[in-house]
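Structure first, commentary second.
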Amino acid sequence: MKAKDVMTTDVLTVNQDASVLEAVRLMLQRRISGLPVVDASGAPVGMVSEGDFLRRSELGTQPRHPRWIEFLMGAGRLADEYIHTSGRKVREVMTPVVYSVTEEVPLEEVVELMEHRRIKRVPVLSGDTITGIITRSNLLRAFAGFAHEAPSASADDNAIRLKLIDEMKKQPWAPLAVTDIDVSHGVVKLSGVVLDDRQRMALRVAAENIPGVKKVEDNIVWIEPMSGTVIEARAEG
C-alpha cells in the first residue's frame, strides 16, 4: 500500500498568520488534534497540535524554572519559551518543521517516519501543495478495512501446513527444526520445544493468520534455558 491509498484528501489547514484561538476553535469544531500550517501560497511551513497548547500563560501552566536553571538556559531559550506560551499567532506557537511524504511513498516508510520522529500526522505533498494527510486514525481505518476484506476461504490441510512452514522459514525467531505441525480438518496442532515462551505465542499467531485455519491446538513444551525447567504445554483453542 502507498500513502495515497490511505490518506485523507479533505485536508484542513490553518494560515500561519491566523490567531491561536482560530486554530483551537477549528480543531475543536472538527474534532482533530492537529493541523498543517501554511503560508499565503498554501505551502506547508509547520504543524500545530494539541501539545502546543498545553503550556499556556492563560492556563497558568507555562514552564517555571529555578533561577539557576534560567541562568543555564540563557536569555534566548527563555525568550523562545515565552513566545510559545504567550504568542497570539499560529506561527509563534507552531512546530516549524514539516515531515512530509509524497503520494507514491510506501505505507511502511510513512509508519517508520511517524515512529522515528514521534509524530501523529504526516502531510502528503505534490510539489509544495498538500494533497492529503495521514494520521494514526487513517492507519486504523486501513487496518479495519483490510481485516474486513480478508478472505476466510477454506484451504486443504496440506496447503495450510505448507503455508505455515513457509511463514516460519521467513521468521528468524521460528524454531522450525524442533516444531511439529499437524493439520486435520482445519485444526492446526503444534508440538515441539521452545526456549522462549514468546515463540509459542508467535507460532499461534502465524497459524491463526493462515486462511482456512479453524483452531490452533498448542502442545508445545517450553524449556527455560537458565534453569532447565520444563513447562508443559498449555491447552488452548
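A few points about this structure:
- Selected from V45, V221, T9, residue furthest toward positive end of dipole (the chain; charges at beta carbon): V45
- Of the trypsin sites (Lys or Arg not before Pro) in the range 108-146, the ones in a loop by DSSP (not H, G, I, E or B) with at most 13 other beta carbons within 10 Å are R118.
- Think of it as helices only: each DSSP H run of n ≥ 4 in the chain is worth -39500 (n - 2.57), and spread over all residues that comes to -11000 deg cm²/dmol at 222 nm.
- Partners for K120 among lysines (Cα-Cα distance below 21 Å; same-chain residues under 8 apart left out): K2, K4
- Shape call, the chain: gyration tensor on alpha carbons, a/c limit 1.5: prolate
- For GluC sites (Glu not before Pro), the sites in the range 21-113 that DSSP calls loop and that have at most 16 other Cβ atoms within 10 Å are E58, E103, E104.
- Shape call, the range 85-201: gyration tensor on alpha carbons, a/c limit 1.5: prolate
- Shown here for the range 155-237: GluC sites (Glu not before Pro) in loop regions (DSSP other than H, G, I, E, B) with at most 14 other Cβ atoms within 10 Å, namely E232, E236.
- Reachable lysines, given that their alpha-carbon falls under 20 Å from the alpha-carbon of K214 and they are not under 8 places away in the same chain: K163, K189
- Across the range 90-132, the mean sequence separation of Cα contacts (distance under 8 Å, 6 or more residues apart), normalised by length, yields a relative contact order of 37 percent.
Read-outs: derived from the displayed coordinates by stated rules, not from any lab. What you see is a predicted model, and the numbers here were worked out from it, not measured in a lab. Cβ atoms come from the backbone with ideal geometry, glycine included; neighbour counts cover every protein chain shown.
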